[in-house]
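The values are calculated or read from the model by the stated rules, or taken from the named source; none is laboratory data. As the structure is a prediction and not an experimental result, all values here were calculated from the model. Glycine also receives a Cβ, built like all others from the backbone with ideal geometry; neighbour counts cover every protein chain displayed. Surface areas here come from the heavy atoms of the whole protein model, side chains and all, with no ligands, DNA or RNA. Shrake-Rupley method; radii C 1.70, N 1.55, O 1.52, S 1.80 Å.
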Amino acid sequence: MTELRHRGATDKELQHQNSEDKGSETEAKERDGASDNETKADPGVPEVSVTADDTPEVLNKALSGLSSRWKNWWVRGILTLAMISFFFFIIYLGPMVLMMIVLCVQIKCFHEIIMIGYSVYHSYHLPWFRTLSWYFLLCVNYFFYGETVTDYFFTLVQREEPLRILSKYHRFISFALYLTGFCMFVLSLVKKHYRLQFYMFGWTHVTLLIVVTQSHLIIHNLFEGMIWFIVPISCVICNDIMAYMFGFFFGRTPLIKLSPKKTWEGFIGGFFSTIVFGILTTVKLYPFQIHSIALSSFASIMGPFGGFFASGFKRAFKIKDFANTIPGHGGIMDRFDCQYLMATFVNVYIASFIRGPNPSKVIQQLLALRPDQQLHIFNSLKAHLTEKGLLPALEEAA
């Protein structure tokens with residue numbers, strides 16, 4: 001009996017051990033499945049086709065003896081120098097050319113993102129998707145550029161009767177244009193594609209928010225002075241280059257899963273290099289050095305998160321780049337993902353710490369009033385200056 005009890009106990013222990021082994025195997029499988037799911041795309045999201053190698057044939061032949069790692073380094077380096085040269089060239093051409101370039105970059109970035117959506121869901125043959133996307137881009141640009149022209153060129157606009165009418169009813173016209181597109185979208189709804197059409201409607205509007213709104217802020221920064229355009233963009237460029245260099249030569253510690261090639265060594269090296277760059281480029285422009293430190297700090301600490309956001313977006317659709325416009329770099333959006341975030345910060349920074357009341361805008365608003373309103377403001381201002389004791393002094397000086 002004792003032996004039977006012992007055997008029974010032993011059998012129970014073996015069963016318990018086997019159940020624990022099965023449980024551990026199940027947990028291991030679940031962990032393996034979870035890790036596999038991280039590497040696999042969402043089965044509900046179609047995959048975008050992978051673009052072919054876009055490196056020019058001349059560079060391919062010249063760098064044919066190098067490994068893929070060093071070949072990519074040289075391609076990126078050569079194209080980076082070319083883009084920096086182009087950047088200084090358009091600065092030399094002046095503000096108007098810069099604004100046109102910003103508009104062209106905005107349109108190309110919008111095109112790249114919209115084409116990803118169209119490529120992913122092309123098989124559904126959604127009615128009017130691309131047409132409405134470009135129509136909404138036109139409406140939003142009409143609104144933003146109209147606001148800018150009215151704000152900064154008020155005197156010129158008031159001289160021409162057609163421009164004055166367009167300026168007066170600008171927001172109503174902008175709303176009417178958007179409402180037309182909205183009605184077109186509603187009329188295009190197809191019963192079997194409702195969810196997908198609303199998804200792509202949201203896709204278009206989020207793209208407009210990210211690309212068009214922030215590119216408009218770049219133009220606003222430009223109107224505040226060329227230095228608010230050159231220094232922030234240069235800081236982002238410096239951080240991109242130096243982070244890549246430090247990461248290429250010294251990178252060992254992964255920084256974030258969204259961008260496996262990003263390292264802590266590159267992040268830290270880019271930070272200190274950008275701070276030094278920001279100070280050196282404005283060493284003779286005190287007190288702008290203080291602002292430069294703030295700009296370079298944001299460019300090196302928070303700016304990369306624009307790139308991480310773009311990386312997450314690309315990984316969601318299993319694509320390497322937004323496009324293959326620039327060999328070794330990808331699309332235009334791949335180069336401007338951090339710039340857009342930087343432009344928003346600069347605009348907020350100027351509005352919070354730099355910009356004060358603008359007398360010219362006050363005068364513009366006064367000139368738009370009726371004569372009786374202008375006279376009332378004149379008398380009120382005269383009484384205020386007289387009370388302060390400033391008006392007699394001004395009269396004596398005159």
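Overall form of region 319-376: prolate. Here a/c, set by the Cα gyration tensor axes a ≥ b ≥ c, is 1.5 or more, and a/b is the larger of a/b and b/c. Between L66 and T155, how many nm apart are label points set 7 Å from Cα along the C-beta direction? In this crude spin-label approximation the distance works out to 5.4 nm. Note on region 127-189: with neighbouring protein chains present and a 1.4 Å probe, carbon and sulfur make up 73 percent of its accessible heavy-atom surface.
Which of rounded, prolate or oblate describes region 127-189 when judged by the alpha-carbon gyration tensor and an a/c cut-off of 1.5? The shape class here is prolate. Think of a 1.4 Å ball rolled over the protein heavy atoms: region 127-189 then has 63 Å² of accessible area per residue. Relative contact order of region 205-293: 22 percent, from C-alpha pairs under 8 Å at least 6 residues apart in sequence.
Between rounded, prolate and oblate, where does region 266-348 land on the alpha carbon gyration tensor, with a ≥ b ≥ c its root eigenvalues, rounded for a/c under 1.5, else prolate if a/b exceeds b/c? Since a/c reaches 1.5 and a/b is larger than b/c, the shape of region 266-348 is classed as prolate.
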